[in-house]
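Worksheet: one structure, shown below.
The values are calculated or read from the model by the stated rules, or taken from the named source; none is laboratory data. In this text the structure is predicted, and so the values were computed from the model without any measurement. Note: ideal-geometry Cβ built from the backbone for every residue, glycine included; neighbour counts use all protein chains shown. Quick note on the areas: whole protein, heavy atoms, side chains included, nothing else; ligands and nucleic acids left out. Shrake-Rupley method; radii C 1.70, N 1.55, O 1.52, S 1.80 Å.
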Amino acid sequence: MNDVIKLRPKDFKSEVKPIWCPGCGHYSVLNALTKAFAALGIDKDNTVLVSGIGCSSRLPAYVDSYGFHGVHGRGLAIAQGLKVARPDLTVLALGGDGDGFSIGGNHFIHACRRNVNMTYIAMDNEVYGMTKGQASPTTASDWDHSKLTPHGPGVRPFKPAALALAAGAPWIARGYSGNPNQMSRILAEAIEFPGFSFVHVLSQCITFCPEQTDWKAVVHERLEPAVSDADEAARLFLHEDGFSTGLLYARQQPCYSGTTPAAGETDLCGGFRV
Ligand SMILES: Cc1ncc(C[n+]2csc(CCOP(=O)(O)OP(=O)(O)O)c2C)c(N)n1
């Protein structure tokens with residue numbers, strides 16, 4: 001008889017050692033994700049992590065599954081294409097706030113409305129960590145630590161969850177690196193959700209934003225059940241403080257699965273022949 005071997009979280013870690021700074025929130029996302037994979041009994045051979053560029057986007061190298069390290073801001077485009085071409089795979093895209101909301105912002109809103117069955121994890125530290133601390137779309141307007149914006153970026157940060165909702169995302173949750181157990185549960189639910197699941201993670205960068213250690217005093221769990229009405233969710237996302245965690249919004253919507261190929265048209269390379 002063949003016993004099914006149950007993998008532990010550490011079995012999902014690769015042999016590559018993370019080179020993130022001490023105290024970086026991304027360690028916690030890695031731990032929460034491998035714990036979620038173990039809890040779900042994820043098949044490594046059929047799982048692909050796709051990322052762009054940034055400290056957070058290094059994460060696929062640290063996981064023992066398939067990975068695709070793309071170019072800056074393009075992880076979602078690659079991940080959606082992969083999932084549509086290979087619906088049998090578990091596909092996750094991940095990266096940072098600079099990667100996902102600045103250069104990749106257009107892909108983000110269209111991924112939300114397209115609703116391909118995959119998970120997107122945005123590790124938001126409100127700064128470009130890898131390029132040493134410039135402002136991103138979620139940086140506070142008066143954050144004056146960067147030489148490029150010595151008086152602060154001067155423009156209002158946007159709220160990723162509100163943007164995701166407005167663009168049509170069917171499932172929106174928020175995690176916090178200081179609460180890896182809750183994050184692991186959120187990630188497991190996100191992977192199981194049949195549609196585009198967006199996990200906004202507050203993942204501190206204490207190297208360039210040491211004040212983010214204060215997040216632990218303001219982050220709070222939202223205890224009410226997830227909102228399923230879009231109007232109610234809009235009110236929630238526009239007025240909440242951005243620090244409420246948990247599954248915030250969930251609603252079943254039709255998924256995009258690509259156009260059905262005509263008989264005999266399953267050769268993906270065909271489209272690229274000249
Ligand atoms: C086309 C392009 N523009 C700019 C860069 C430089 N670059 C590399 S990482 C990065 C920002 C990463 O910040 P974020 O996505 O917030 O991730 P973090 O490092 O904070 O985890 C930038 C601007 C690049 N690699 N490619």
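Points to keep in mind about this one:
- Residue match in the stretch 2-25 (condition: aliphatic (A, V, I, L, M) and not in a loop (DSSP other than H, G, I, E, B)): no
- Scanning the stretch 145-166 for residues that are of a type in the set (A, V, I, L, M) and open to solvent by less than 40 Å² (accessible area, probe 1.4 Å) turns up ALA161, ALA162, ALA164, LEU165.
- Within the stretch 85-103, if we keep just the residues that are more than 9 Å from the ligand (Cβ to nearest atom), open to solvent by 50 Å² or more (accessible area, probe 1.4 Å) and in contact (Cβ under 8 Å) with a residue 24 or more places away in the chain, the residue that is farthest from PHE158 (Cα to Cα) turns out to be ASP88.
- Figure legend. Inter-residue proximity from the stretch 2-16: first residues over 11 Å from LYS44 (Cα atoms), second residues polar (S, T, N, Q), beta-carbon distance below 8 Å, spacing 6+ or different chains. Indicated pairs: PRO9/ASN31; PRO9/THR34; LYS10/THR34.
- Sub-9 Å Cβ pairs linking a first residue in the stretch 221-243 that is acidic (Asp, Glu) to a second residue that is open to solvent by 90 Å² or more (accessible area, probe 1.4 Å), at least 6 apart or interchain, are ASP229/ARG251, ordered by first then second residue.
- Number of residues in the stretch 19-43 that are in contact with a helix residue (DSSP H, G or I) (Cβ under 7 Å, 6 or more places away or on another chain) and either hydroxyl-bearing (Ser, Thr, Tyr) or open to solvent by 40 Å² or more (accessible area, probe 1.4 Å) (or both) equals 6.
- Residue within the stretch 136-144 that is touching a residue at least 60 places away in the same chain (Cβ under 8 Å) and crowded, with 24+ Cβ neighbours inside 10 Å present: no
- Within the stretch 46-68, the residues that satisfy the criterion of being more than 15 Å from the ligand (Cβ to nearest atom) and either part of a loop (DSSP other than H, G, I, E, B) or without any contact (Cβ under 8 Å) to a residue 12 or more places away in the chain (or both) are ASP64, SER65.
- All positions within the stretch 98-156 that are farther than 24 Å from LEU187 by Cβ, aliphatic (A, V, I, L, M) and not in a loop (DSSP other than H, G, I, E, B): ILE103
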